[in-house]
Amino acid sequence: TQLLEQSPQFLSIQEGENLTVYCNSSSVFSSLQWYRQEPGEGPVLLVTVVTGGEVKKLKRLTFQFGDARKDSSLHITAAQPGDTGLYLCAGAAGTYKYIFGTGTRLKVLA
Amino acid sequence: DAMVIQNPRYQVTQFGKPVTLSCSQTLNHNVMYWYQQKSSQAPKLLFHYYDKDFNNEADTPDNFQSRRPNTSFCFLDIRSPGLGDAAMYLCATSTRTGGLTSATNEKLFFGSGTQLSVL
């Protein structure tokens, strides 16, 4: 069974602080995605990483895929209240199948 | 322009009373998924369709069934809802074609979900 563990589970920080969220597995994934979900809505894709060691940037968000394609990280610089939400990593776990991580709930205080 | 539409947004049913949740898509994607998400937890895959091919997860209870009459529509049937089935049910579609070169463009498009309450 492929599992994706995220840490931390909960994070509450002040506006302007930096943070990193981790997504770890003992399994190799062909690709990995990061989503953000707001209350009462479905997850929305932020980024897809495919190549081991790949780094992608989306404004203040930096995503990295581990060299062995078993882990990933999301770093947010100068967090803002609008970044508040549930952050989910998801791995491609076979043909047409995506497994979600355990989630990190972020709250950014103004 | 809603692309994956779930109805209703909120559904209340009684213990043991069958309920059907609906999902439609305007994206013409060949893969559709149903996920169950309980409060503050990650979405859990129940099953998915590639066209009409149905793929059930091994740990999805028999109480959950699905139908996909055509490309655009997919239904989740809960035959005898229990209190533990109260959750957000998310429908998603995928651009993934299954080919080796498609990974960069992999993406799940989610609907807004149906919040199911069981009384």
Among the residues of the range A:1-46, count how many are within 10 Å of chain B (Cβ to nearest Cβ), surrounded by 13 or more Cβ atoms within 10 Å (Cβ to Cβ) and under 12 Å from the mean Cα position of the chain (by Cα).
-> 9
Looking only at the range A:53-84, and only at residues there that are assigned to a strand (DSSP E or B) and within 12 Å of another protein chain (Cβ to nearest Cβ), the one that is least open to solvent (accessible area, probe 1.4 Å) | A:PHE65
Selection from the range B:31-66 of residues within 9 Å of another protein chain (Cβ to nearest Cβ), under 14 Å from the mean Cα position of the chain (by Cα) and of a type in the set (S, T, N, Q) yields B:GLN37, B:ASN55
Within the range B:43-55, track down each residue that is open to solvent by 20 Å² or more (accessible area, probe 1.4 Å) and not in a strand (DSSP E or B).
-> B:ASP51, B:LYS52
Mind checking which residues of the range B:96-119 are at the interface with chain A (Cβ under 10 Å from one of its Cβ atoms), in contact with a strand residue (DSSP E or B) (Cβ under 8 Å, 6 or more places away or on another chain) and either in a loop (DSSP other than H, G, I, E, B) or at pLDDT 90 or above (or both)?
-> B:ARG96, B:GLY98, B:GLU106, B:LYS107, B:PHE109, B:PHE110, B:GLY111, B:SER112, B:GLY113, B:GLN115
Return yes when B:GLN65 is open to solvent by 60 Å² or more (accessible area, probe 1.4 Å) and either part of a loop (DSSP other than H, G, I, E, B) or not aliphatic (A, V, I, L, M) (or both) and no when it is not.
-> yes
Please go through the range A:85-110 and pick out each residue that is more than 10 Å from chain B (Cβ to nearest Cβ) and touching a Lys or Arg at 6+ places or on another chain (Cβ under 6 Å).
-> A:GLY85, A:TYR87
Given the conditions (1) at pLDDT 95 or above; (2) open to solvent by 50 Å² or more (accessible area, probe 1.4 Å); (3) in a loop (DSSP other than H, G, I, E, B), every one holds for A:LYS107 apart from (3)
Out of all the residues in the range B:14-21, is one or more open to solvent by 20 Å² or more (accessible area, probe 1.4 Å), over 29 Å from A:LYS107 (Cα atoms) and basic (Lys, Arg)?
-> yes
Just one of the numbered conditions (1) open to solvent by 30 Å² or more (accessible area, probe 1.4 Å); (2) among the small types (Gly, Ala, Ser); (3) assigned to a strand (DSSP E or B) is not true of A:ALA90; which one?
-> (1)
Considering residues of the range A:1-30 that are modelled with pLDDT of 95 or more and among the aliphatic types (A, V, I, L, M) only, the residue nearest to A:GLY53 (Cα to Cα) | A:VAL21
Scan (1) open to solvent by less than 20 Å² (accessible area, probe 1.4 Å); (2) more than 9 Å from every other protein chain (Cβ to nearest Cβ) for the single condition B:CYS91 breaks and write down its number.
-> (2)
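The values are calculated or read from the model by the stated rules, or taken from the named source; none is laboratory data. Predicted model, so just to flag it, every value in this text is computed and none were measured. FYI the Cβ positions are ideal-geometry reconstructions off the backbone, even for glycines, and counts take in every protein chain you see. Note: accessible area is taken over every heavy atom of the protein model, side chains too, but ligands, DNA and RNA are not part of it. Shrake-Rupley method; radii C 1.70, N 1.55, O 1.52, S 1.80 Å.
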